[in-house]
Amino acid sequence: LDIDFGTYPFVTSSNCTVGGVCTGLGIPPLNIGDVFGVAKAYSTRVGIGAFPTEQLNAAGELLQTTGQEVGVTTGRKRRCGWLDLVIMRYAHMINGFTAIALTKLDILDVLDEIKVGIAYKLNGKRIPHFPANMDILHKVEVEYETFPGWKTDTSAARKWN
């Protein structure tokens, strides 16, 4: 969504990066310690625009309904898909986070299998980076890794052993 690093024209009017935090709060980067990346355990998007891991099927519907994925301001249903590690790597490149907090893991509790987008292919060849270009994003094919679901209620989990 970041105005400088997002997929224009589908961006917000502000800087959503750690650099934008410094500007918005008026503090120097030297005062920033650890940087936590916060992301859902699956991907969402409101409105139009490329969404490589979007699931226009029962899995996407389950993520949308169980995750209560509705835009707060517009009330529009969010589009839902599998976690996209290509975008996560891009976010890490820009923000340099030192830790990550995955939210909404409990939404995945009921799934038999969970897919994670690990790479994009264009014309059958892996591309080594996130293409911040809508024309290319509309054409990529996602390479997934599939994991077995845990089929256990994790809604009360607060720490990892």
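The values are calculated or read from the model by the stated rules, or taken from the named source; none is laboratory data. Fair warning: this is a prediction, and the values are worked out from it, not measured in the lab. With ideal geometry, Cβ positions are generated from the backbone for all residues, glycine too; neighbour counts draw on all protein chains shown.
Anything in the stretch 45-65 that is at pLDDT 95 or above and surrounded by 11 or more Cβ atoms within 10 Å (Cβ to Cβ)? List them, or say none.
Within the stretch 45-65, 52, 53, 54, 55, 56, 59, 60, 61, 62, 63, 64, 65 qualify.
Based on what the data block shows, is residue 30 assigned to a helix (DSSP H, G or I), more than 15 Å from residue 94 (Cα to Cα), of a type in the set (A, V, I, L, M) and modelled with pLDDT of 95 or more?
In short, no.
Cβ-Cβ below 8 Å, separation at least six or inter-chain, first residue in the stretch 134-161 and small (Gly, Ala, Ser), second assigned to a strand (DSSP E or B): which pairs?
Once the first residue is small (Gly, Ala, Ser) and sits in the stretch 134-161, its partners that are assigned to a strand (DSSP E or B) give 149/113; 149/114.
Is it the case, given these coordinates, that residue 63 is within 14 Å of the chain's Cα centre (by Cα), part of a strand (DSSP E or B) and within 24 Å of residue 117 (Cα to Cα)?
Criteria not met by residue 63.
(1) farther than 24 Å from residue 129 by Cα; (2) basic (Lys, Arg); (3) surrounded by 18 or more Cβ atoms within 10 Å (Cβ to Cβ): which one isn't true of residue 79, the others all being true?
In the conditions (1) farther than 24 Å from residue 129 by Cα; (2) basic (Lys, Arg); (3) surrounded by 18 or more Cβ atoms within 10 Å (Cβ to Cβ), residue 79 misses (1) alone.
When you check residue 12 against the structure, is it at pLDDT 85 or above and among the β-branched types (Val, Ile, Thr), yes or no?
Working: at pLDDT 85 or above: no; among the β-branched types (Val, Ile, Thr): yes.
No; evaluated as a whole, the condition is false for this residue.
Which condition number in (1) more than 22 Å from residue 48 (Cα to Cα); (2) surrounded by 19 or more Cβ atoms within 10 Å (Cβ to Cβ) is the one that residue 93 fails?
In the conditions (1) more than 22 Å from residue 48 (Cα to Cα); (2) surrounded by 19 or more Cβ atoms within 10 Å (Cβ to Cβ), residue 93 misses (2) alone.
Among the residues of the stretch 133-151 satisfying the criterion of being more than 19 Å from residue 60 (Cβ to Cβ) and hydrophobic (A, V, I, L, M, F, W, C), which is surrounded by the fewest Cβ atoms within 10 Å (Cβ to Cβ)?
150
Which of the residues belonging to the stretch 106-132 are surrounded by fewer than 17 Cβ atoms within 10 Å (Cβ to Cβ), closer than 22 Å to residue 17 by Cβ and in contact (Cβ under 8 Å) with a residue 24 or more places away in the chain?
129, 132
Consider residue 88 against the criteria (1) of a type in the set (A, V, I, L, M, F, W, C); (2) free of Cβ contacts under 8 Å to residues at least 60 places away in the same chain; (3) farther than 24 Å from residue 20 by Cα: it satisfies all of them except one. Which criterion is unmet?
(3)
Which of the residues belonging to the stretch 111-147 are of a type in the set (Val, Ile, Thr) and touching an Asp or Glu at 6+ places or on another chain (Cβ under 9 Å)? Show your work before the answer.
First, pick out the residues of the stretch 111-147 that are of a type in the set (Val, Ile, Thr): 114, 116, 118, 127, 136, 140, 142, 146.
116, 118, 142, 146 - these are the residues of the stretch 111-147 that are of a type in the set (Val, Ile, Thr) and touching an Asp or Glu at 6+ places or on another chain (Cβ under 9 Å).
Picking from 103, 154, which residue would you name as being closer than 15 Å to residue 43 by Cα, polar (S, T, N, Q) and exposed (fewer than 15 other Cβ atoms within 10 Å of the Cβ)?
Answer to the check: 103.
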